[in-house]
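**Q** Starting off with a structure, shown below.
The values are calculated or read from the model by the stated rules, or taken from the named source; none is laboratory data. Small disclaimer: the values here were computed from a predicted structure and weren't measured. Virtual Cβ from ideal backbone geometry, glycine too; neighbours counted across all protein chains shown. Accessible surface is based on the protein model in full, side chains and every heavy atom, while ligands, DNA and RNA are left aside. Shrake-Rupley method; radii C 1.70, N 1.55, O 1.52, S 1.80 Å.
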Amino acid sequence: MSSLTTATLAALEEMLQNATCNLPHGGIPIHLDSQEIGYLVAEFVPFVLDSIRGRPIAHIHGSASGLQLESVAPALLSHSLRELAQRMRGAGLIPAWRNEEFAYYGNDGHEYFRVERAAFRSFGFQSQAAHINGFTSSGTLWLGRRSESKQIDPGKLDNLSAGGISADETVVNCVVRELWEEAGVPKSIAEKIKPAGKLEILRPHPPHGVHHESLFIFDLALPSNLIPVNHDGEVSSFIELNLAEAAARLLADEFTSDAALVTADFILRRNRFG
């Protein structure tokens, strides 16, 4: 802990403060009723507007000022957004298709629609993910290195485990599943997770669009004899670092953007409270 300098801690604080940033010019907002819920970057706008004009999609209206989604039953709006997402996929605008859906939740907690998870970045919709800091009694962190075959951030450092929360999944169920699949942590240990807050990330993510996500953060104390082992092929290896080493790699841009925020938050909390 003593090797975490004031300058390092300040840099980590700045990283958290810059988690959300201005979106690039030239795009258009996506509204549901009067609320802005998404953003199409400039590269996607011509295709989307031309597509809607040429072959209208129910409940979706487009103009140079933005896309307007009608407030209809979630099943109906989901069907319409799936159609638009498939058109964009066919045009090569959604390259990391997963055949898995995320749900969009409004500020009131209600689900308003669901659509392919890769399309969430294409539309700039806010998704949800769970990230777990796995730490030991000696003050180290276990970190995973993403497989080189991953379509997003291959080879980057990640948290012990992390994953998007699917449409039919609770946050805790996601955590338990990801801990086993990515790090081989059994359910009996995974269920000892402690909620540690939530962060929001909002930034351009070319060529996928906009990365807008709520990050549910958990801390998990790991037994000294537990060595993480990946089961799903999404993590190539694990490393165990003290907090100063982890901070140095953060500042060297070795982490995914979301795992960087979660790890910076963990280091700062440990520095404050021990």
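**Q** Scan the range 102-113 and give yes if some residue there is in contact with a Gly (Cβ under 8 Å, 6 or more places away or on another chain) and open to solvent by 50 Å² or more (accessible area, probe 1.4 Å), otherwise no.
**A** yes
**Q** Looking at Phe238, Phe216 in this structure, which one is modelled with pLDDT of 95 or more, closer than 15 Å to Gly144 by Cα and touching a helix residue (DSSP H, G or I) at 6+ places or on another chain (Cβ under 9 Å)?
**A** Phe238
**Q** OK, next. I'm told Leu4 meets every condition in (1) assigned to a loop (DSSP other than H, G, I, E, B); (2) open to solvent by 40 Å² or more (accessible area, probe 1.4 Å) except one. Can you identify the failing condition by its number?
**A** Looking at each condition in turn, Leu4 falls short on (2).
**Q** Which members of the range 73-114 meet the condition of being part of a loop (DSSP other than H, G, I, E, B) and either basic (Lys, Arg) or closer than 18 Å to Gln128 by Cβ (or both)? Spell out how you get there, then give the answer.
**A** Within the range 73-114, the subset part of a loop (DSSP other than H, G, I, E, B) is 73, 91-100, 106-110.
Passing the criteria: Ala96, Arg98, Glu100, Gly106, Asn107, Asp108, Gly109, His110.
**Q** A follow-up question, please. Output the qualifying pairs, or none if there are none: Cβ atoms under 8 angstrom, residues six or more apart or on different chains, first residue in the range 149-178 and at pLDDT 95 or above, second residue in a loop (DSSP other than H, G, I, E, B) and of a type in the set (A, V, I, L, M, F, W, C).
**A** Once the first residue is at pLDDT 95 or above and sits in the range 149-178, its partners that are in a loop (DSSP other than H, G, I, E, B) and of a type in the set (A, V, I, L, M, F, W, C) give Leu160/Val185; Leu160/Leu222; Ser161/Val185; Val171/Ile165; Val172/Ile193; Cys174/Ile165; Val175/Ile193.
**Q** Tell me whether the range 130-146 contains one or more residues that are in a helix (DSSP H, G or I), at pLDDT 95 or above and of a type in the set (D, E, K, R). Lay out the reasoning, then the answer.
**A** Just the residues of the range 130-146 that are in a helix (DSSP H, G or I), to begin with: none.
No, there is no match, as no residue in the range 130-146 is in a helix (DSSP H, G or I), at pLDDT 95 or above and of a type in the set (D, E, K, R).
**Q** Name the pairs whose Cβ atoms lie under 7 Å apart, with the first residue in the range 2-29 and touching a residue at least 60 places away in the same chain (Cβ under 8 Å), the second charged (D, E, K, R) and open to solvent by less than 50 Å² (accessible area, probe 1.4 Å), and 6 or more positions between them or separate chains?
**A** If the second residue must be charged (D, E, K, R) and open to solvent by less than 50 Å² (accessible area, probe 1.4 Å), the pairs left are Leu16/Asp265.
**Q** Okay, moving on. Is at least one residue of the range 250-270 open to solvent by 50 Å² or more (accessible area, probe 1.4 Å) and modelled with pLDDT under 95?
**A** Within the range 250-270, one or more residues are open to solvent by 50 Å² or more (accessible area, probe 1.4 Å) and modelled with pLDDT under 95.
**Q** Further, regarding this structure: Identify all residues within the range 115-129 that are assigned to a strand (DSSP E or B) and open to solvent by less than 20 Å² (accessible area, probe 1.4 Å); write none if there are none.
**A** Val115, Glu116, Ser127, Ala129
**Q** To continue, here is another question. Across the range 134-151, what is the total count of residues that are in contact with a helix residue (DSSP H, G or I) (Cβ under 9 Å, 6 or more places away or on another chain), open to solvent by 10 Å² or more (accessible area, probe 1.4 Å) and of a type in the set (Gly, Ala, Ser)?
**A** Of the residues in the range 134-151, 1 are in contact with a helix residue (DSSP H, G or I) (Cβ under 9 Å, 6 or more places away or on another chain), open to solvent by 10 Å² or more (accessible area, probe 1.4 Å) and of a type in the set (Gly, Ala, Ser).
**Q** Do we find that Arg53 is charged (D, E, K, R) and open to solvent by 60 Å² or more (accessible area, probe 1.4 Å) in this structure?
**A** yes
**Q** Give the number of residues within the range 23-45 that are outside any strand (DSSP E or B), open to solvent by 60 Å² or more (accessible area, probe 1.4 Å) and touching a strand residue (DSSP E or B) at 6+ places or on another chain (Cβ under 9 Å).
**A** The qualifying residues number 2.
**Q** I would also like to ask the following. What tally of residues in the range 67-82 results from selecting those that are of a type in the set (A, V, I, L, M), touching a residue at least 12 places away in the same chain (Cβ under 8 Å) and open to solvent by 70 Å² or more (accessible area, probe 1.4 Å)?
**A** Count: 1.
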